[in-house]
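Following: one structure in structure tokens, then a few remarks.
Read-outs: derived from the displayed coordinates by stated rules, not from any lab. All values reported here derive from a predicted model rather than from experimental measurement. Cβ atoms come from the backbone with ideal geometry, glycine included; neighbour counts cover every protein chain shown.
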Amino acid sequence: MPSSSANASFLSRSLSAVWHPCTQMKHHEQLPLIPIARGEGAWLHDMDGRRYLDGISSWWVNLFGHANPRIGNAIKAQLDTLEHVMLAGFTHEPVVELSERLAALTGHHLGHAFYASDGASATEIALKMSVHYWRNHGQPGKNRFVSLDGSYHGETVGALAVTDVAIFRDAYAPLVRGSTSVASPDARLAAPGESAADVARRAAAALEAHLSAHAEETAALIVEPLVQGASGMVMYDPEYLRLARALCDRYRVHLVADEIAVGCGRSGSFFACEQAGIQPDFLLLSKGISGGYLPLSIVLTTDEVFAAFYDDDTARGFLHSHSYTGNPLACRAALATLDIFEQDDVITTNRHKAARLGAAFGATVGGHPSVRHLRQRGMILAFDVADAPAGFSRRFFAEALERELLLRPIGNTVYTMPPYILDDGEIDWLAARCGEALEASLG
Ligand SMILES: *Cc1c(COP(=O)(O)O)cnc(C)c1O
């Protein structure tokens, strides 16, 4: 990628002053940083005048494109009214309206919303609330967690306890509390003749074996419903969620649905849990809920959980807080996002887009001899690359950028999770360029 000398000096300023996330900084000796000047719709424009289709929604957060005027105008109006106020002892219009609308989206099953600023904090909050619930109910021994093999629930120290991705976790092992991971219902594990639902039943049997022995010390099971994102878009049958819900009821263990990635329509329904017809005890949202505009995360929970904390005794309350809890600008962005879902009937129109996405990738990479397990759930599509050369993911990333496409494989899994605003032509273009980048990075 050619860059002008003015930009070369800008990049070296960034590399010396900014410590970039999820990055071995030394890799940037070879791989150039991309200086983004502006975004518009599905496109990012860099300082050299090149453009990139944002095929992963800027780390899964963007739903309706960059510089979306409907979300932007809502934030601007809020900016002139109230930018922030502490939420302890105070309240405001956007946080009340957002909490009510989210409760309605759960059929009022999850009628209480607790706020934070990023996904990992939402995980921490749900884990703390679950343990504190059992303590308030006289069962302080219920303080362990179960998660799935390959789970990802964030990277703060508490969230790492339920995150099973070695590269994020190993260096911090002495800090992280032990927890149990049980078999993932990963549909790719199907033996010949087995369906995805069969794999789900097998995995649920493993969960039951664990709970039947450890229910007394287990507070909660935490899952990413239908798609385990960070471990490589692992997809599974909704049957697992139905069985897990029933087991959590039988063994008196909370079910935490981490919908930080799969919520807000990604999976094809607004909440992924809807496809299993179940309700969790805690539901976590972040990423797309603000349209990809501002950091916001939310823990939704039930009357039952809320009631366990409601008392004259301060210490029985949930005393957790973050400075920006319930930030009005972020809540306003989320309300504008929910408005778009309603006004544009997004869940319905996405059905067509998802079908087009599946057909387009089927045509460009479906028959490729190295492609395995081409899979899709709503607006998430992924495939694995067999016999990929060493360094495949960084090579593919660079080859895609050469073709004006932002895709960032996880290991040997290539995936797209685009904004919901692509038209048919852009979807076909995305699939075609992805096929070309695949060819180039294998050659
Ligand atoms: C991204 C993600 C998180 C963590 O969110 P952050 O905002 O990055 O802390 C947690 N759970 C899932 C399923 C995620 O995809």
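Calculate the dipole size of segment 71-344 relative to its Cα centre from +1 charges on Lys and Arg beta carbons and -1 charges on Asp and Glu beta carbons; express the result in debye to the nearest 20.
Using Cβ point charges on Lys, Arg, Asp and Glu, segment 71-344 gives about 460 debye.
What FRET efficiency, computed as 1/(1 + (r/R0)^6) with R0 = 45 Å and r the Cβ-Cβ distance, is obtained for ARG169 and ASP303, rounded to the nearest 0.05?
It comes out at approximately 0.80.
Round to the nearest 10 and give me the degree value, 0 to 90, for the angle of helix 239-251's Cα axis relative to the longest principal axis of the chain.
Once rounded, one gets 20 degrees.
Taking loop as defined by DSSP and a crowding limit of 13 other beta carbons within 10 Å, which GluC sites (Glu not before Pro) in segment 112-200 fit?
Listed in order of number, the matching sites are GLU194.
Multiplying the sequence separation of ALA440 and VAL96 by 0.36 nm and subtracting their Cα-Cα distance, what value in nm do you get?
That works out to 118.7 nm of additional length.
Pairs LYS142/LYS287; LYS76/LYS287; LYS76/LYS128: which are spaced more than 24 Å apart, C-alpha to C-alpha?
Among LYS142/LYS287; LYS76/LYS287; LYS76/LYS128, the Cα-Cα distance tops 24 Å for LYS142/LYS287; LYS76/LYS128.
On a 0 to 90° scale, report how tilted helix 346-364 is relative to the longest principal axis of the chain, with both axes built from alpha carbons and the result rounded to the nearest 10.
50
For THR413, THR314, THR81, what's the fewest-to-most ordering of other Cβ within 10 Å of each Cβ?
Neighbour counts put them in this order, fewest first: THR314, THR81, THR413.
Say R0 is 45 Å: what FRET efficiency, to the nearest 0.05, do LEU15 and ASP311 get from their beta-carbon distance?
Calculated transfer efficiency: 0.30.
What angle do you read, to the nearest 10 degrees and between 0 and 90, between the alpha-carbon axis of helix 119-136 and the longest principal axis of the chain?
Roughly 10 degrees between the two axes.
For SER212 and ALA190, calculate 0.36 nm times their separation in residues minus their Cα-Cα distance, and state this gained length in nm to one decimal.
My answer for the length gained is 5.4 nm.
In nanometres, what is the gap between the two model label sites at MET25 and THR180, each 7 Å from Cα along Cα-to-Cβ?
Placing both labels 7 Å along Cα→Cβ, they lie 4.2 nm apart.
Among ALA197, GLN275, GLN343, whose Cα sits farthest toward the positive end of the charge dipole of segment 71-344 (+1 at Cβ of Lys/Arg, -1 at Cβ of Asp/Glu, about the Cα centre)?
Of the options given, the answer is ALA197.
Could you work out the local net charge near THR23, counting Lys and Arg as +1, Asp and Glu as -1, over the other residues with Cβ closer than 13 Å to its Cβ?
So the surrounding residues net to +2.
Give the residues of segment 405-437 whose amide nitrogen is closer than 20 Å to a point set 7 Å from the Cα of ASP344 in the direction of its Cβ.
Counting backbone N atoms under 20 Å from the label point, the list is 406, 416-431.
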